[in-house]
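S.K.: Below you will find the structure I want to go over with you.
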Amino acid sequence: PGGRTFQDLVAGWNHTCGLSPGGQLLCWGLNGDGQLGDGTRIDRLVPTPVSGSFQSVAAGSGHTCGISGDRVLCWGSNQFGQLGNGTSGTAGTSTPAPVQGLPSPPRSVTVGAVHTCALLTNGEAYCWGQNLHGQLGDGTPENRALPVQVEGGLSFVGLYAGGAVTCGLADDGARYCWGMNQNGQLGDGTRVNRSSPVRVGGTVP
């Protein structure tokens with residue numbers, strides 16, 4: 001309502017956020033974990049402003065992240081460290097808070113159910129949060145409350161997270177995925193979970 005215009009819309013599990021052309025971010029829906037970023041845990045039936053100015057936004061199960069200036073900010077649930085502030089198993093935060101430990105500015109941010117990844121301007125990929133299925137791509141199944149670099153020495157131009165899977169488009173055009181693979185969602189011809197990037201389609205270009 002209200003004749004609002006958006007340049008981007010993202011949907012989480014039970015909440016939605018819209019980015020206006022001027023950089024104002026508004027969110028609505030379930031807010032029990034503070035995922036709307038308005039400083040409360042009150043559900044909202046209409047778009048409600050998030051403080052600050054944003055260039056992009058991504059929504060997960062119970063958390064939200066966005067790029068503001070040269071920082072990634074996250075808010076909402078932090079059970080697995082998906083806010084990237086060095087803590088986990090906490091109630092999280094209902095206002096945007098900076099991710100700690102990214103070595104260079106972000107180009108984009110993407111959010112799975114309970115993990116988060118950022119593509120940096122130098123092409124490196126960093127992820128944090130739940131890692132049960134290897135979705136952080138650091139070669140381990142360990143949850144991370146701070147960003148860890150995706151291993152393999154790859155340079156990416158696109159990064160995309162969904163559920164417990166992350167995929168990246170490398171600068172040579174090859175596609176890689178890692179994380180949960182019980183239904184073959186990594187595209188490597190197996191149903192084996194991967195904690196490091198595997199090329200989609202195997203070794204065939």
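The values are calculated or read from the model by the stated rules, or taken from the named source; none is laboratory data. Bear in mind that the values here come from a model prediction, so they are computed numbers and not experimental data. Cβ placement follows ideal geometry from the backbone for every residue including glycine, while neighbour counts extend to all protein chains displayed. Side chains are part of the model used for accessible areas, which takes the heavy atoms of the whole protein and leaves out ligands, DNA and RNA. Shrake-Rupley method; radii C 1.70, N 1.55, O 1.52, S 1.80 Å.
S.K.: With every protein chain kept in place and ligands, DNA and RNA left out, what is the accessible area per residue of the chain? Probe 1.4 Å, answer in Å².
M.R.: 43
S.K.: While we're on this one: If contacts are Cα pairs under 8 angstrom and at least 6 residues apart, what is the relative contact order of region 46-166 in percent?
M.R.: 22
S.K.: Which of the trypsin sites (Lys or Arg not before Pro) across region 1-107 are loop residues per DSSP, with 14 or fewer other Cβ within 10 Å?
M.R.: Qualifying residues, ordered by number: 4.
S.K.: State the Cα centre-to-centre distance between region 40-79 and region 132-205 in whole Å.
M.R.: For region 40-79 versus region 132-205, the Cα centre distance is 25 Å.
S.K.: Tally Lys and Arg at +1 and Asp and Glu at -1 over the other residues with C-beta under 12 Å from the C-beta of residue 84: what net charge comes out?
M.R.: +2
S.K.: To continue, here is another question. In nm, what is the difference between 0.36 nm times the number of residues separating residue 100 and residue 155 and their Cα-Cα distance?
M.R.: Length gained, residue 100 through residue 155: 17.7 nm.
S.K.: Convex hull over the Cα atoms of the chain, averaged projected area in nm²?
M.R.: Directional mean of the projected Cα hull area for the chain stands at 11.0 nm².
S.K.: Please report the carbon-and-sulfur percent of the accessible area for region 115-205; probe 1.4 Å, protein heavy atoms only, DNA, RNA and ligands left out. Intermediate results must be reported in sequence, preceding the final value.
M.R.: Numbers: 2000 of 3950 Å².
That fraction is 51 percent.
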